[in-house]
1. Considering lysine pairs in chain A that are 8 or more places apart or on different chains, how many have Cα atoms under 18 Å apart?
2. Between B:H46 and A:L183, take the C-beta separation as r, use R0 = 45 Å, and let me know the FRET efficiency to the nearest 0.05.
3. With a ≥ b ≥ c taken as the square roots of the eigenvalues of the C-alpha gyration tensor of the protein assembly as shown, please select rounded if a/c is under 1.5 and otherwise prolate if a/b is larger than b/c or oblate if it is not?
4. Suppose R0 equals 22 Å. What FRET efficiency, 1/(1 + (r/R0)^6) with r the Cβ-Cβ distance, do A:T15 and B:L17 give to the nearest 0.05?
5. For labels at A:N2 and A:L172 in the simple 7 Å Cα→Cβ model, what's the distance in nm?
6. What does the helix-only formula give at 222 nm for chain B: each DSSP H stretch with n ≥ 4 adding -39500 (n - 2.57), the total divided by the residues, and the result rounded to the nearest 500 deg cm²/dmol?
7. Taking the Cβ of each residue in A:Y149, A:Y228 as the centre, tally the other Cβ atoms inside 10 Å and list the residues starting with the fewest.
8. Quick one: which residues, 5+ away or cross-chain, put their amide H under 5 Å from the amide H of A:A205? H built at 1.01 Å from N.
Amino acid sequence: MNKLMKKIMISVVLTGVAFALYQNFSLMPEYQGLNEGLSNYIIKSGLNDTGSLNLITAVLYDYRAFDSLGESTVIFGAVSGIVLILSRKMLPVSSKGLSFIVKRALGIMTPFIALFGFYVITHGHLTPGGGFQGGVILAAISIIFSIVYGSAFDYRRYSPQTKTLFETGGALTFLGLGLAGILMEGAFLQNLGFLTAETGTLISAGSIPYINIGVGFKVGAGLAIIFYSMIQKTFEEDF
Amino acid sequence: MAVLEIILVIFLVFSALMAVYFDEELISIIFLSIFSLVLTALYLLHKAADVALAEAVIGAGLNTAIFMSAISQIRHGDSD
């Protein structure tokens with residue numbers, strides 16, 4: 001296939017995608033303002049229903065918690081597939097890492113990154129953020145360890161077994177809270193009413209903070225496993 | 001507000017085009033990272049703080065690291 005054919009094919013595919021997107025967006029309803037529709041209901045009664053100040057977290061982990069469970073399952077499947085394909089042996093040949101100055105500077109910065117990650121996870125129902133974002137920040141620490149200190153350091157500190165434990169623990173926390181919703185409130189992933197406290201405090205909003213912590217550990221450990229299994233072959237060839 | 005938004009959108013389109021235009025993978029990845037940062041600023045301008053945080057962390061941080069490790073693996077084989 002020559003260059004011209006390739007370009008024609010790419011333009012045809014792009015035109016098709018643009019047409020499909022235009023069709024989809026033209027089917028969407030007009031913007032009706034904040035006083036009508038489903039968003040109005042959530043803005044009005046979201047705080048009363050869930051006790052969560054951050055309404056996006058209220059939608060993600062209370063109204064649509066089942067969708068979030070599906071997202072976590074997708075991430076779990078992706079991690080399993082990548083590890084199955086890429087992972088040959090658990091301990092790779094590691095690099096020596098970067099220079100002394102970078103190592104010391106990131107040694108000072110890393111605890112604050114971890115603190116920010118835990119802040120974003122645990123304050124998911126009060127301020128912007130939540131389990132997913134905070135979990136990715138925690139995964140960034142593992143990436144920093146792999147790049148700056150060499151992946152053997154990452155292996156010694158947080159071995160893949162520990163990460164697997166964190167991931168399954170987070171998923172089981174999510175599912176256990178869902179089953180607790182069946183037993184106590186009558187529906188899967190129903191918000192646990194007896195955990196609700198005064199609005200605005202750290203431990204309030206029923207089971208939302210605990211689901212946040214579970215999802216945070218699950219996502220963070222899962223993405224760290226993905227990066228670890230992608231990086232190991234590189235260092236085998238380089239050093 | 002509107003002027004800043006127009007400037008950001010122009011810069012967004014520019015960085016997306018540059019990411020497609022260059023043949024070197026490294027430059028494309030850096031422009032994708034810039035794309036994510038500009039998109040974060042746009043989300044923040046529209047008061048979607050949750051999405052902005054997710055975009056900054058995933059798009060500018062994690063994607064760049066994973067793409068870098070991916071191209072460092074394909075660099076060894078010979079490509080056209």
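1. 4
2. Values: r = 41 Å, r/R0 = 0.91.
Calculated transfer efficiency: 0.65.
3. Because a/c hits 1.5 or more and a/b fails to exceed b/c, the protein assembly as shown counts as oblate.
4. On the way: r = 17 Å, r/R0 = 0.79.
E between A:T15 and B:L17, to the nearest 0.05, is 0.80.
5. 6.3
6. -24000 deg cm²/dmol
7. Result, fewest neighbours first: A:Y149, A:Y228.
8. Residues meeting the criterion, in which the H sits 1.01 Å from N, are A:A197.
Readers should treat all values here as calculations from the given coordinates under stated rules, not as data from a laboratory. Model, not experiment: these values are computed from the prediction. Reconstructed Cβ throughout: ideal geometry from the backbone, glycine too, with neighbour counts over all protein chains shown.
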